[in-house]
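What follows is a single structure, written as structure tokens, with notes after it.
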Amino acid sequence: MDNQPTKLEFSQNLRTMFYLQHGEDKTIPLKLIECRDHPIPHGEGKVSLLFQGPDKFVLPGQTYRLRHEHIGEFALFLEAVGSDHKSLYYEAILSHNSQS
């Protein structure tokens, strides 16, 4: 349950819904809309995940429990990175050892 999904697992589930557990009784739907590589020097890299969520309120940057129908349940640090008139956007960065 605590294993971090891989870059491949995320990329295979683009445009699908993830469910964030907020508090004991609230579940927030987040749609994975982007999975992008960020190469850095010396052959290592990072992966940026961009999620689209409802505009009801901004979640503070912290680690959350997420659930996905195919990937299962896992923890991920999310940070708000923008908004438009109908959605808020959250980003997660995976380190190079989570990319396989």
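Quick notes on this structure:
- Against the criterion of being more than 13 Å from the chain's Cα centre (by Cα) and surrounded by 14 or more Cβ atoms within 10 Å (Cβ to Cβ), Ser83 does not qualify.
- Positions within the stretch 63-80 being over 18 Å from Ile33 (Cα atoms) and open to solvent by 40 Å² or more (accessible area, probe 1.4 Å), in sequence order: Thr63, Arg65, Glu73
- Residue match in the stretch 52-72 (condition: touching a strand residue (DSSP E or B) at 6+ places or on another chain (Cβ under 8 Å) and among the small types (Gly, Ala, Ser)): yes
- For the stretch 45-62, the set of residues classified as open to solvent by less than 50 Å² (accessible area, probe 1.4 Å) and hydrophobic (A, V, I, L, M, F, W, C) consists of Val47, Leu49, Leu50, Phe51, Leu59, listed by residue number.
- Residue list for the stretch 81-93, restricted to those being assigned to a strand (DSSP E or B) and of a type outside the set (Val, Ile, Thr): Gly82, Ser83, Ser87, Leu88, Tyr89, Tyr90, Glu91, Ala92
- Residue check, Tyr90 over 15 Å from Leu14 (Cα atoms) and modelled with pLDDT of 90 or more: no
- Residues that are of a type outside the set (Lys, Arg), loosely packed, with under 11 Cβ neighbours inside 10 Å and not in a strand (DSSP E or B) within the stretch 1-44 comprise Met1, Asp2, Gly23, Glu24, Asp25, Ile40, Pro41, His42, Gly43, listed in sequence order.
- Scanning the stretch 45-80 for residues that are in a strand (DSSP E or B), without any contact (Cβ under 8 Å) to a residue 24 or more places away in the chain and either over 14 Å from Gln21 (Cα atoms) or over 13 Å from the mean Cα position of the chain (by Cα) (or both) turns up Glu79, Ala80.
The values are calculated or read from the model by the stated rules, or taken from the named source; none is laboratory data. Nothing here was measured: the structure is a model prediction, and the numbers come from that model. Positions of Cβ are generated from backbone atoms using ideal geometry, with glycine treated the same way; all protein chains shown enter the neighbour counts. These accessible areas exclude ligands, DNA and RNA; they are computed on the full protein's heavy atoms, side chains included. Shrake-Rupley method; radii C 1.70, N 1.55, O 1.52, S 1.80 Å.
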